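Every number here is computed from the coordinates shown, using simple stated rules; none is lab data. Quick caveat: nothing in here was measured; it's all calculated off a predicted structure. Quick reminder, even Gly has a Cβ in these numbers, built from the backbone with ideal geometry, and neighbours come from all protein chains shown.
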Amino acid sequence: MKTLNIGRDFSLDPAGRFFSDEGDNGEKFRENFLKPAIQALKPDEKLHIILDDGVESYGSSFLSEGFAGMVKYGYISSQNLLEKIVIDYSDADFEFYKNKIITYIKNSKFKEEEYKPTRSKES
Amino acid sequence: MKKLSKKQRLLDVKTAILHRHKEKEKDNKKNASSSNKRWVGRNDEIDVLINKGLSISLSKNRDLTINLPEEMNFSKKYDETILYIIAIRRLAATIANPYKAYRLKSVNFNRLKKISTSAALVLTAELSKWDDATRQRLRPMTDNWDADILKKFIDLGFFDLFKTPPNISSNNSPSTLPRSDLVRYIKGRCGEAKKTRELKDELIKIVGDPIDKWMFLRGGLDEAITNVSHHAYPDNGMISENNKNWYLTGSYNGSSKELKIVFYDQGIGIPKSLPASKIWERALEVLSLFPAGERKLDEVLLKAAVELDRTSTNKSDRGKGLQDMLEFIRQRREGYLSILSSRGLYKLSVSNGKELVKSEHFDDPISGTLIIWSATLQN
C-alpha cells in the first residue's frame, strides 16, 4: 500500500479550489499529487491517504475539486476511486471530512467536464 | 467625377477642420458633464447621509470632518454605524475633485466611547483603503481619544496602518490600561489561507486553552477566503489588485466568555455576485420557493446562497462554501453566525442544538461582506 500524507507531502494549509486561487489548492493537489499517485498504483494496490497530520481543516472547495475532480474530469470512475483509496486520520473530528470526500466522489458524474487548467501545473 | 478647384479644395479643408473642432468641443462638454455628474452625485449621497444623522463638520464649504458617534455596533446600532462607514467609503474613493466636491479632511474619534469588534475591523479596513488612496499620507491625532478606545485600536493594530505614527500622550499611554482581549487584525489576499493560523495562535494566548471545534471554524474561514477570490472582486477592471483584500480579527471577553471571530471583505457582496456565479441556476431553483416579489431582495438572495446546498435538488460540487461557515456553530451546538452582505443579513443562531434562522433587510448597505462567528466558551 502506498501512502499520501497530505500534511507532509502536499501542504499543512490546503485551501481553495483552483490554481487561480493561489496557495495549495484542490486543483494543484489533484493534478500534481493525487492523480499521479493513483496512476502509479499496481492492480489491487491501494492508496492510503492521511488527512490530519498537521493539517487544521479542509474547505469544501478543496475537497470537491481535489477528490471529486478525479471523476468529474474522467480520470477514474467514482467506484474505482473509492476502491483504490483508504482515508485515515487520528483526530476523530476528521471523520467529518472523510465522509464529505466520499459523498463528493459518489455524487460526481464521470467525465462531466473537460479539464482546462486554470494555470500551468508548475504553479 | 470632377476635379476640384484650388478654391473649393481650401474651402473643404476649412470645413473639415471646423467640424473636427466642434466634435472636440462636444466631447469636452460631455466629459465635463459626466465628471460633474460624478461629484454632484457623490455630494448628494453625502447630503442624504447627513440628513439621516451622519455627524460632520464642514470647512471651506467642501472639507469634511466625519465625527464618529459615541457607539459603533452592527448588531445594536446598524443604521447609525453604517452611515459612517458608507461616508468614509464614498469620500475616500478618488474622483476628479472639482472646486465644489466634498473632500474628506479627517475622521474624528473624540466622541467614540464604545465600538464592537466587527465595527472596529470594518472601520479599520475602510480607513486603510482611504490611506492607500492618499498614498499613505494620513496621520492619526489621538490626543482626545477615549482611553479604552485608544487601547482597543492599539491592540487591533490600527496604528500599524499609518506610515506616520500617532503622537500618543502619556495620559493615554497604553501601558496604564488593562490588556484588551482583541487580536491584532490580519490583512490578506486571495490564497493566503495559512494566515488564519496567526488568529488561532493569538486567540489561544488570550483564552488560555485550545478552542474546541476550531477545525470547523478554520474550514469556514478557508471558504470565506476562497469566496473572496471567486466572487467578491470580479475581474472587470473596476477594482485594482491592491484593493482585493480581506480582513480578519478575533476577540474574547473573559467575563462573558464570548469568543468572536470577524471576517470582512470590501467586495461587491454575495447578492450582487450570485447572478454571475456558476451556481445561479441552482439558486433560481431555491429562489422559486420565495414569493416572486421578494426574489430580488438582498436578504432573500443571501438566504438562497447560504441554503443552496441543503435545499437544491441538483447536486453539484459548487456552492457548498457558505454551508461550511455554519459548521463551527452547528458542531458546538450553541452560538451564532451572522453574514451581512449588501442590504441583507442572514443569521443562524443555535441554542442547545436547536437552530433558528433570521433574515433582515437594511436600508443602507454594507459595502462588502461581513461574517461574524460568536460562541460562548465553557472552560
Shielding by other protein chains, B:321-333, mean Cβ within 10 Å: 2
Using a 10 Å cut-off around each Cβ of peptide B:103-115, what is the average number of partner chain Cβ atoms that fall inside? 0
Using per-residue counts of other Cβ atoms within 10 Å, averaged over each peptide, order B:203-209, B:346-352, B:336-342 from highest down. B:336-342, B:346-352, B:203-209
For the protein assembly as shown, one quarter of the surface area of the C-alpha convex hull, expressed in nm², comes to 34.6
Order these peptides, B:128-134, B:53-59, by their mean beta-carbon neighbour count within 10 angstrom, highest first. B:128-134, B:53-59
Total charge of the residues flanking B:K113 in space, meaning their Cβ is under 15 Å from its Cβ, with Lys and Arg +1 and Asp and Glu -1, is +1
Using the Cα gyration tensor of region A:2-107, the equivalent ellipsoid's semi-axes, largest first and to the nearest Å, work out to 18, 16, 13
Per DSSP H run of at least 4 residues, take -39500 (n - 2.57); add these up for the protein assembly as shown, divide by its residues and hand me the 222 nm value, nearest 500 deg cm²/dmol. -11500 deg cm²/dmol
Expressed in µm² per second, the diffusion coefficient of chain B from the Stokes-Einstein equation, with Rh the Kirkwood radius over alpha carbon pairs, at 10 °C and 1.306 mPa s, is 69
Hey, how many Å between the Cα centroid of region B:332-379 and the Cα centroid of region A:11-54? 33
20 Å tail of the calculated P(r), region B:181-379, as % of Cα pairs: 56
Restricting to Cα atoms and excluding each atom paired with itself, what does the Kirkwood estimate give for region B:26-134 in Å? 14.7
List the pairs from B:K105/B:K347; B:K163/B:K213; A:K72/B:K213; A:K111/B:K320; B:K244/B:K272 whose alpha-carbon separation is above 27 Å, in the order I gave them. B:K105/B:K347; B:K163/B:K213; A:K72/B:K213
Sparse-neighbourhood loop sites, trypsin sites (Lys or Arg not before Pro) in region A:41-123 - DSSP loop, at most 10 other Cβ within 10 angstrom: A:K121
Averaged over residues of B:224-233, the number of beta carbons from other chains lying within 10 Å of each residue's Cβ is 4
